[in-house]
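Any read-out appearing in this document is the output of simple, stated calculations on the displayed coordinates, not a laboratory observation. Because the structure is predicted, anything quoted here is derived from the model rather than measured. As a convention, Cβ positions derive from the backbone with ideal geometry for all residues, glycine included, and neighbour counts pool all protein chains shown.
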Amino acid sequence: MRHRLKHLNKWVAFMLIGLTLLLSGCSELTVLDPKGPVAESQRDLILYALIFMLGIVVVVFTLFTIMVVKYRDKPNRKAEYKPDLHGNRKLETIWTIIPVMIVTALSIPTISTIFDLEKPPEPSAEQGPLVIHATAADWKWFFSYPEQGIETVNYLHIPTDRAIEFRLSSADSMQALWIPALGGQKYNMAGMHTTLYLQADEPGVYQGRNSNFNGEGFAEQTFKVHAENSSDFQDWVESTQNTAPELTQDQYDALLEPGIVDTMAFSSTHLEWVDHGTKEGMDYSIERHRAEFAEQLHLENGENHEHGPSEKEGGQ
Amino acid sequence: MEKQSKKLPIKHIIGYVTSVILTFVAIWAALGSNLPVMWIIISIFLLAIIQAAIQLFLFMHLIERGMGNAPWNMMFHGTIIFAILIAGSLFTMSFGFM
Amino acid sequence: MQLDEFFVTGEPLIYAGMVAITLVTGAIIFLLTYFKKWKWLWREWLTTVDHKKIGIMYILSALAMLFRAGTDALMMRTQLAFPDMNFLNAQHYNEIFTTHGTIMIFFMAMPFLIGLMNIVVPLQIGARDFAFPYVNALSFWSFFFGAMLFNVSFVIGGAPDAGWTSYTPLAGDVMSPDPGQNFYLLALQLSGIGTLATGINLMVTILKMRAPGMTMFKMPIFTWSTFITSFIIVFAFPILTVALALMTIDRIFGSHFFTLAGEGLPMMWANLFWMWGHPEVYIVILPAFGIFSEVIATFAKKQLFGYTVMVWSIIIIAGLSFLVWVHHFFTMGAGAFVNSIFSVTTMAIAVPTGVKIFNWLATLYKSRIRTTTAMMWALAFIPSFTIGGITGVMLGMAAADYQFHNSYFLIAHFHYVLIAGTVFGCFAGLVYWYPKMFGHKLNERIGKWSFWLFVIGFHITFLPQYFLGLDGMPRRVFHIVPEWLPLNPISTVGAFSMGLGFAVFVYNIYYSYRHSEREQTGDSWDGRTLEWATPTPVPEYNFAVVPHVTSHDAYWNMKQKGETVYDESKVEPIHMPNSTGQPFIMSAIMFFACFALVFEWIWLAVAGLIGTIVMMIIRSFDYNKGHHIDADEIKRTERSARGL
Amino acid sequence: MNASEENSKPLEYQTEQGQMNIVGFWIFLAAEMALFGTLFATYAVLFGRTADSPAPGELFEPGIAIVMTLILLTSSFTGGLAINDMRRGSVKGMMTWLLITLALGLTFLGFEIYEFYHYATEGATLQSSAYWSAFFVLTGTHGLHVTFGIGWLILLLIQLAKRGITSVTSNKLFIFGLYWHYLDVIWIFIFTGVYLLGMVI
């Protein structure tokens, strides 16, 4: 028996080494490598939970190994055999109370984080959050900056160290805005507004996408997020205001047709004539493109374009 | 067997008369009274629940010898599911977005 | 309608599928004719109301569906192996993952478990059949024709492509105008009615037909889990019925429940779907818990630890299953308060589940473990399911779920619970009860090969997917990008290992049929519950004499006391229901009606509906009372089966 | 259970199968509770989503709804009297009450069809808006249940006329009685939740 336990120790050591390696590898994973306070609070919550979970795994796996190794039926087995052991109140109470305590320990930070996520992250500058309307349409993104009076398609510029208030809605199917490096997702739905607060602390280019399946072009509905410091952002806003064309309703209607489009920029927003997040605006797109929704793209991998909209940015 | 049921089924008649009265009270509460809307809603649903109970117990013999516990048990849980479905849907689909 | 619109054209893979279907169908027809088995097929199988035969048909269908949906999975994994794969295009990939999910849940997991319940529950409680054998046959055939209707979409009309959750408005008539989605709606409706009927049937059977002395808390644990599962079915399936009907009315008759026009509310579909959908996952996991409890107790040669607590934890899980549905759409933005409530209810499920895990471990304590294949499936379940369970708790934390949702983390989680729970459970149950069903065991050596291939493959497939999810890989994309490279090919390799494991499992069925020793006694594993008290093969009336039960390990106690279940002096004539072709014919007519409705041929559908009503009227006027098996015949059967 | 106790039970309970049928039907009714609960939930959530079609308060007429309620309530009552007579063994009384129940059921259905037709002419149909879809499907599902019940009752009347009151026929009629009362329970909630509420708000 002692001999076997020694083996067990070796295994445990192996597992711990493996675990450390695994965790160091994890810091490469987008979700566990946050670039802003929202993603950071979610990462912290995940790691906090992970500690408890690994504890449970260690306990269960150890008990399991001991039971299976020790009580296997084989010749010359010395372990005790008690076929009529039918239960033990005390033990069962203990392993009811422990999960209850773990669940409580997980619930408290979860709930406080849930409420925090509904507010802009702690203001790092005195100005309020930057409002961006993120409107999804099959299979593209419109980002409208109402205060700046500009609109981009399939790419996004945001200032660092300032909270972004995304007002999410959809022109047609249900979609979700997800920028894993900056924080979790929320759904875009026609006829509804959802609000998502995100913030970038480090300048950089991050991947964003629609994460909720919505048909053929789903895999290509991605965009790049350019996080830059506020003066660079201001420069970009001004140059877009000055050089990009105005968005006309006809052009916008044409863009709504289901399909994949390149990046673009405009010096006005579609919010002037329709807000898909209201009951009045929810059938705007299907009223115009009913026939096109029935058509197929025949999208093949690698065809049409290289994984999502091209790097080139429109309007500049 | 004859003794089981009387010529004049008192239970049924009581149930019927009460139901008719309750119906008219509900109609009066909804259309004729000046109660605040919230109170109207609560009171008419209370009246509906009483009427449903009359149907179940006086007409449908929910509790009757020889049937065991399954019928009332299932109806009890059915009522809970009924409530979860309506209240839960309103809670998530309407309340959450207000 | 043009013929080339009717049949799916232009896909080499689907042409290959058509050829395969034609060949297989041709081969079956040829073999049946050549061996003159048509009459046998009709008399012994299509018209049977015997719960054991119906159970076998359920399991065979489920295995076929596992093959079909497993092939889908392998095709998906092939496409996702490398970033530049062009094995499936976007549309085809969407169809494949939709059918994979739908078939696995509705036409594999549920019928497999219901098949096991069919065979085992009446035997475990000492009953002669179901409470309503006719309805049982009807349930099976409506499931079977529902499955056929769904699979027909593959070659006729086009497969559904909106995901197994079919979220509106994507699945509505504007964005999915093809008949594919109608196939989904009507096939699920048809088989769902059968499931509901089975739920009611099993509840009444368990409530009313238990052997004398078997109080509720002396029922075997698998019977308990079946009872609670049936309870969930009774309350959850009507929700699905309504949700499917509403979407069908939306699509075919132009109403506005889930549409964008007419101020419809697409998210209401998600709400209704998950109000059914979350109880549904417990419908497929609780029976598996029951199977593991039986298998572990038998092969550990020890009483189940904490029987009462095990039962109560099932009941609590069932209750909570109706209170957590919102965690499937935390990201819908219903507000912090709503999300907090459902976070807590979700995590609360971990408590009874955790208790069960520890009770299983405690059952192994001071036991004597025989590592048969069935036991190995059950043992593999404990650690694998633990991983699935704890990641489930993490997904239940709404704030963290915003990052996990729609990602491969979620995919990994539910495959960890559904494969390690349900699929391992089905395999454990099948191996365990196989001798009772077919009169011979499955070969142990080949069984262990299939076990190791499948279990190792399973972990290689799904463990990497947790990390892919954390790396931002969303579910349902039809190609990967180079950043997700090293883990995706690994996952694909694992999937093929699972496929191989399944192939070996099926080969084992064939091999054992040819070579396994036939069972001499009814008690193949030194069992504990009443099903092992019957002779093998089980006579159609199950128990010549209904046993008297004193504990939840009824047969074990009888063996300990040296009692026998069979007392020839107590044999009396037994009343049995007659075989009937009505359930088969009625389901076939419903299939016809649903098929017509898929293509919106309303008058044909109405004709089918009238046909169904006529069948119901015929049934209403049918006062057939069944037949009796006389005592002498029973004695003869028992003597030869028991070798007396 | 001894023989005398067994005999003191009503006829419809006397066979094993009869008892199972009744318990099974109660479980079915519990499932129907979930079914109608889902429809009510849909109705409640879609309340107010009338788009361009008329609001319910404009179209609902208290008169029709009250008359329909009283008809169905009375038919539930007469159905109960039929069961009472069945237990007394009075075939004639039972058949009379059943025929009255049938007539009331048909009248109810007639009113409902008229009501639907009336709304359609006023511009509220299944296709008008989310609210009206929910209204027609909720009340329509109840109406379909009533229609089914009427068909069922006709079949039972034929069987009762042919076979009289036996353990099998009485079992069937008792189960039909449960169904018929249950439809009234549902209607009470439709009357309250749809008509009264629609006129209050």
Open item on the list: Nearest 10 degrees is fine. How inclined is helix C:12-34 to the longest principal axis of chain C, computing both from alpha carbons?
Closed with: 20
Open item on the list: Of the candidates A:191, A:87, A:204, which one comes out as most mobile in a Gaussian network treatment of chain A with C-alpha springs shorter than 10 Å?
Closed with: A:87
- [ ] Round to the nearest 10 and give me the degree value, 0 to 90, for the angle of helix A:37-70's Cα axis relative to the longest principal axis of chain A.
- [x] 30
- [ ] Using only the Cα atoms of segment B:1-60, each taken as one equal point scatterer with no solvent, compute I(q) by the Debye sum, divide by I(0), and report log10 of the ratio at q = 0.20, 0.23, 0.29 Å⁻¹.
- [x] -0.75, -0.88, -1.12
TODO: Holding the Cα-Cα limit at 18 Å, pick out from A:74/C:301; C:39/C:635; C:366/C:559 the pairs that are longer than that.
DONE: C:39/C:635; C:366/C:559
Task: Paramagnetic reach from residue C:483 (point 7 Å along Cα→Cβ, amide N under 13 Å) across segment A:173-196 - done: A:178-183
- [ ] Would you mind ranking A:206, C:184 by Cβ crowding within 10 Å, fewest neighbours first?
- [x] A:206, C:184
Task: Table column - 3J(HN,Hα) (Hz), segment C:426-443, Karplus curve with 6.51, -1.76, 1.60, x for Gly and Pro - done: 4, 5, 4, x, 5, 5, 5, 8, 3, x, 5, 7, 10, x, 8, 7, 7, 4
TODO: Quick one: what are the phi-derived ³J(HN,Hα) couplings along segment D:50-64, Karplus 6.51/-1.76/1.60 with θ = phi - 60°, whole Hz, x for glycine and proline?
DONE: 9, 6, 8, 7, x, 7, x, x, 6, 9, 4, 10, x, x, 4
Open item on the list: Helix C:487-515 against the longest principal axis of chain C: what's the angle in degrees, Cα atoms only, rounded to the nearest 10?
Closed with: 30
Open item on the list: Please compute, for the alpha-carbon atoms of chain A, the extent along each of the three principal axes and give them in descending order in Å.
Closed with: 86, 48, 36
Task: Pair residue A:292, residue C:540: separation of 7 Å Cα→Cβ label points (nm) - done: 6.5
Task: Net dipole in debye of the protein assembly as shown [+1 Lys, Arg Cβ; -1 Asp, Glu Cβ; about Cα centre; nearest 20] - done: 7760
- [ ] Evaluate the distance, in nm, between pseudo-label points positioned 7 Å from the Cα of residue C:614 and of residue A:98 along their respective Cα→Cβ axes.
- [x] 6.6
TODO: Pull up the DSSP beta bridges for the protein assembly as shown and report the antiparallel fraction as a percent, rounded to 5.
DONE: 75
TODO: Tell me which residues come under 5 Å, amide H to amide H, from residue C:214 once H is placed; ignore anything under 5 positions away on its chain.
DONE: C:549
Task: Those GluC sites (Glu not before Pro) in segment A:129-190 that DSSP places in a loop and that have at most 16 other beta carbons within 10 Å - done: A:147
- [ ] Kindly put B:17, D:194 in sequence by how many other C-beta atoms sit within 10 Å of each C-beta, fewest to most.
- [x] B:17, D:194
- [ ] For residue C:369, list long-range residues whose amide hydrogen, built 1.01 Å from N in the peptide plane, is under 5 Å from its own amide hydrogen.
- [x] A:72, A:73
TODO: Report, in deg cm²/dmol and to the nearest 500, the calculated mean residue ellipticity at 222 nm for the protein assembly as shown, where each DSSP H run with n ≥ 4 adds -39500 (n - 2.57) and the sum is divided by the residue count.
DONE: -20500 deg cm²/dmol
Task: Spin-label model distance (nm) - residue A:202 vs residue B:64, 7 Å beyond Cα toward Cβ - done: 7.4
- [ ] In a Gaussian network model over chain B where Cα atoms closer than 10 Å are linked, find which of B:61, B:77, B:12 has the largest mean-square fluctuation.
- [x] B:77
TODO: Excluding residues on the same chain fewer than 8 positions from residue C:53, give the aspartates and glutamates whose Cα lies under 12 Å from its Cα.
DONE: C:44, C:129, C:540
- [ ] Go from 0 up to the bin containing the longest alpha carbon distance in segment C:64-130, width 5 Å each, and give me the % of pairs per bin.
- [x] 4, 16, 19, 15, 11, 10, 8, 6, 5, 4, 2, 1
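Within 10 Å, count the other beta carbons around each residue, average over each peptide in A:99-112, C:103-116, C:341-354, and list them highest first. Mind showing how you got there, number by number?
Working: A:99-112: 17.4, C:103-116: 26.8, C:341-354: 22.4.
With the highest mean Cβ count within 10 Å placed first, the list reads C:103-116, C:341-354, A:99-112.
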TODO: Calculate the radius of gyration of the Cα atoms of chain D to one decimal place, then report Dmax, the largest Cα-Cα distance, as a whole number, both in Å.
DONE: 19.4, 67
Open item on the list: Taking each pair of distinct Cα atoms in chain C once, what is the resulting Kirkwood hydrodynamic radius in Å?
Closed with: 25.6
Task: Potential lengthening between residue A:234 and residue A:280 on full extension [0.36 nm per residue; Cα-Cα distance subtracted] - done: 13.2 nm
Task: Gaussian network model of chain A, springs between alpha carbon atoms under 10 Å - residue of A:295, A:287, A:92 with greatest fluctuation - done: A:92
Task: Quotient of Cα Rg and 2.2 N^0.38 Å for the protein assembly as shown, N being how many residues it contains - done: 0.95
Task: Rounded to 5, percent antiparallel among DSSP beta bridges of chain A - done: 70
Open item on the list: From the phi angles alone, apply the Karplus equation (6.51, -1.76, 1.60; θ = phi - 60°) to segment C:386-396 and give each ³J(HN,Hα) in whole Hz, x where the residue is Gly or Pro.
Closed with: 4, 4, x, x, 5, 5, x, 4, 4, 5, x
Task: Cut-off under 5 Å, modelled amide H: who pairs with residue A:223 long-range - done: A:208, A:209
Task: Overall Cα dimensions of segment C:78-205 - principal axes, largest extent first, Å - done: 58, 33, 24
Open item on the list: I'd like the mean, over residues of D:77-83, of how many other protein chain beta carbons sit within 10 Å of each residue's own Cβ.
Closed with: 5
Open item on the list: Within a 10 angstrom radius of the beta carbon, how do C:31, A:297 rank from fewest other beta carbons to most?
Closed with: C:31, A:297
